[in-house]
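Engineer: Okay, handing you the structure first.
The values are calculated or read from the model by the stated rules, or taken from the named source; none is laboratory data. Everything numeric here is computed off the predicted structure, so don't read it as measured data. Counting neighbours? That spans all protein chains shown, and the Cβs are built from the backbone with ideal geometry, glycine included. Side chains are part of the model used for accessible areas, which takes the heavy atoms of the whole protein and leaves out ligands, DNA and RNA. Shrake-Rupley method; radii C 1.70, N 1.55, O 1.52, S 1.80 Å.
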Amino acid sequence: MDVEGVDQQTNSEGGIRRRVCSCTKDDFLPEESFKSWGNYANALIQTPTRLIDRILTRSKDEEELESKSRSQNEMKKTLTWWDLIWFGMGAVIGAGIFVLTGLEANQEAGPAVVLSYVVSGVSALLSVFCYTEFAVEIPVAGGSFAYLRVELGDFVAFIAAGNILLEYVIAGAAVARTWTSYFATLLNFNSDKFLIKVDSLAEGYNELDPIAVGVCIIICIIAILSTKGSSRLNYIATIVHIFVIFFIIICGLIKSDTKNYTPFAPFKVRGIFKASAVLFFAYVGFDAVSTMAEETKNPGRDIPIGLIGSMVITTFLYCLLAITLCLMQPYQKIDTQAPFSVAFKSVGWNWAQYIVAAGALKGMTSVLLVGAVGQARYLTHISRTHMMPPWFSQVNAKTGTPVNATAVMSCATAIIALFTKLDILSNLLSISTLFIFMLVALALLVRRYYVHGETTIANRNKLITFLLIILASSIATATYWGLSKDGWIGYCITLPIWLLATIGLWYFVPQARKPKLWGVPLVPWLPSASIAINIFLLGSLDRASFMRFGVWTGFLLVYYLFFGLHASYDTAKDFERGRGWKNIEEGKGVDSKDIVPSAPL
């Protein structure tokens with residue numbers, strides 16, 4: 001073996017070598033499979049074998065932690081639980097509450113939209129618990145991508161990763177377009193004043209928003225300069241935002257009329273859950289906090305406080321805002337673009353609409369900022385595995401931020417924001433998010449009940465059986481809900497099956513792993529409930545959203561089979577051999593037991 005080559009590899013893996021941002025072929029396709037056309041053809045021939053390997057092989061905690069060295073420079077540990085709480089609220093309280101509340105109250109739920117927020121809030125809180133245990137145990141920038149890679153394997157992690165990136169791009173685009181609407185009302189124009197209609201484009205994509213593009217560019221620059229600086233700007237903006245929210249609640253209740261709360265649920269129970277599935281958009285963003293674990297001073301303490309604390313506060317405020325809006329106006333008259341501003345105008349408080357618009361702008365600016373920070377860190381960790389080009393993983397030595405990833409994701413957000421209407425974005429966002437959160441809950445159950453080399457084959461098989469039954473019964477419940485308008489017999493079958501499967505998992509399969517610092521309570525009940533609720537809410541979304549989701553997932557599969565699979569396969573094998581390289585440097589030689597694949601399920 002060439003020792004010089006070993007030294008070079010060790011330096012690259014260990015992060016000893018430092019270099020400025022570059023843009024060469026080796027920054028995008030440095031793996032052995034892409035060194036020549038012959039190598040690539042050989043890799044394509046091996047696609048079935050490599051795919052099976054990546055499906056069955058799981059990463060290890062230490063591998064995810066070691067992958068940080070592939071970014072050449074480390075991210076700076078500057079954040080505390082206080083920063084994370086404000087990041088959490090800043091990431092979540094934005095376009096969802098200030099726009100979708102009006103849209104869903106007007107079209108789907110009526111005043112019962114407050115119950116829709118409760119349902120989606122409970123679902124989000126269950127997901128938060130699942131995230132916290134992973135973020136404490138695996139404090140890396142990859143968030144749910146890293147968690148799924150460890151427990152469900154590379155292939156599932158990549159499909160989720162693609163949807164994570166789509167989630168952030170769509171969320172940022174939706175918020176940026178809403179920013180323009182509230183900016184227009186602040187200047188006393190109609191909410192669509194600054195949109196440019198182009199008749200030659202397809203409906204839903206023909207109202208261009210250049211202001212949203214400008215906002216995305218400014219946010220990108222701020223996110224690149226400093227994480228701690230972004231944190232300070234975020235919690236200053238969020239504090240102002242909270243004051244505006246209390247102003248809306250107090251002054252809105254002063255002008256309330258209880259007659260507007262009748263009828264309370266004009267669209268019945270189905271409308272409540274349908275609105276809840278879309279309103280899950282309003283809780284999107286908290287997972288960005290988990291991506292900051294790598295920059296947190298004390299993950300074991302700070303992450304649970306930051307995530308759970310921000311989610312509880314946010315859900316409480318959402319419910320109060322929903323109640324206030326529906327008491328101010330009949331649900332049929334609520335504006336679907338800038339509901340709170342127009343509501344104050346309708347009760348004669350024209351001056352208040354400017355305060356509301358200014359507060360909404362500050363809130364949405366925080367959402368955009370935290371989203372830009374979070375999505376860049378997802379892409380950074382994904383590219384560390386070489387599923388995406390490693391050029392995206394480069395961290396700037398001066399700023400300590402992933403400049404390439406931030407810039408590219410912000411550009412994608414700006415392009416989507418320029419063309420696409422909010423209702424299209426919100427539905428597609430919800431389906432991606434619910435899918436990912438369901439997978440994280442599933443991964444947590446695998447983490448607790450399965451450890452390679454310790455869990456017996458019998459217990460492994462029982463675990464797989466119970467998990468499949470939990471998934472199947474949850475899907476059956478959601479399908480029955482989507483197809484049956486008034487039926488109830490199906491629930492008498494599917495729900496008891498889910499319950500019995502969860503009981504079986506709890507009683508017959510012993511837990512193989514205990515959390516080291518902080519763990520999710522009520523396992524397996526809490527993650528099992530999270531799986532069921534997320535899948536149920538998926539069943540409330542429209543067919544067009546599933547079609548767009550399927551098209552995007554198909555695109556991901558094509559990219560993975562032709563590029564991501566081979567790049568990540570080569571990188572994984574290099575990492576496995578790297579255990580032997582360390583021994584060579586120390587003069588110990590290579591021990592065959594050091595060169596083993598990661599644990600298969």
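Engineer: Let me know the Rg and Dmax you get for segment 426-466 when you use only its Cα atoms, in Å.
Structural biologist: Rg and Dmax of segment 426-466, Cα atoms, are 14.1, 44 Å.
Engineer: Using a 1.4 angstrom probe on the protein heavy atoms only, line up Phe435, Phe562, Phe344 by accessible area, largest first.
Structural biologist: Phe562, Phe435, Phe344
Engineer: Calculate log10 I(q)/I(0) of segment 317-399 for q = 0.22 Å⁻¹, where I(q) comes from the Debye formula with a single equal point scatterer on each Cα and nothing for solvent.
Structural biologist: For segment 317-399 at q = 0.22 Å⁻¹, log10 I(q)/I(0) is -1.03.
Engineer: Between rounded, prolate and oblate, where does segment 430-553 land on the alpha carbon gyration tensor, with a ≥ b ≥ c its root eigenvalues, rounded for a/c under 1.5, else prolate if a/b exceeds b/c?
Structural biologist: In terms of gyration-tensor shape, prolate.
Engineer: Residue-wise, which Karplus ³J(HN,Hα) couplings in Hz belong to segment 268-277, taking 6.51 cos²θ - 1.76 cosθ + 1.60, θ = phi - 60°, and x for glycine or proline?
Structural biologist: For segment 268-277, the Karplus curve yields 6, 5, 4, x, 4, 6, 5, 5, 4, 4 Hz.
Engineer: Past 19 Å, Cα to Cα, is the threshold; run Lys60/Lys462; Lys35/Lys573; Lys77/Lys514 against it and keep the listed order.
Structural biologist: Lys60/Lys462; Lys77/Lys514
Engineer: List the residues whose amide H sits under 5 Å from the amide H of Leu208, counting only those 5 or more places along or on another chain, with H placed 1.01 Å from N in the peptide plane.
Structural biologist: Amide H neighbours of Leu208, under 5 Å, 5+ apart: Ile196, Lys197, Val198.
Engineer: If you project the alpha carbons of segment 278-432 onto the principal axes, what extent comes out on each, in Å, largest first?
Structural biologist: Ordered largest first, segment 278-432 gives principal extents of 55, 40, 31 Å.
Engineer: Working with all protein chains in place, sort Leu321, Leu125 by solvent-accessible area computed with a 1.4 Å probe, largest first.
Structural biologist: The ranking, largest first, comes out as Leu125, Leu321.
Engineer: Roughly how many debye, to the nearest 20, is the charge dipole of segment 265-392 about its Cα centre, given +1 on each Lys and Arg Cβ, -1 on each Asp and Glu Cβ, and no other charges?
Structural biologist: 320
Engineer: Could you estimate the translational diffusion coefficient of segment 450-512 from the Stokes-Einstein equation, with Rh from the Kirkwood formula over C-alpha pairs, at 10 °C and 1.306 mPa s, in whole µm²/s?
Structural biologist: Using the Kirkwood radius from Cα pairs, D works out to 124 µm²/s.
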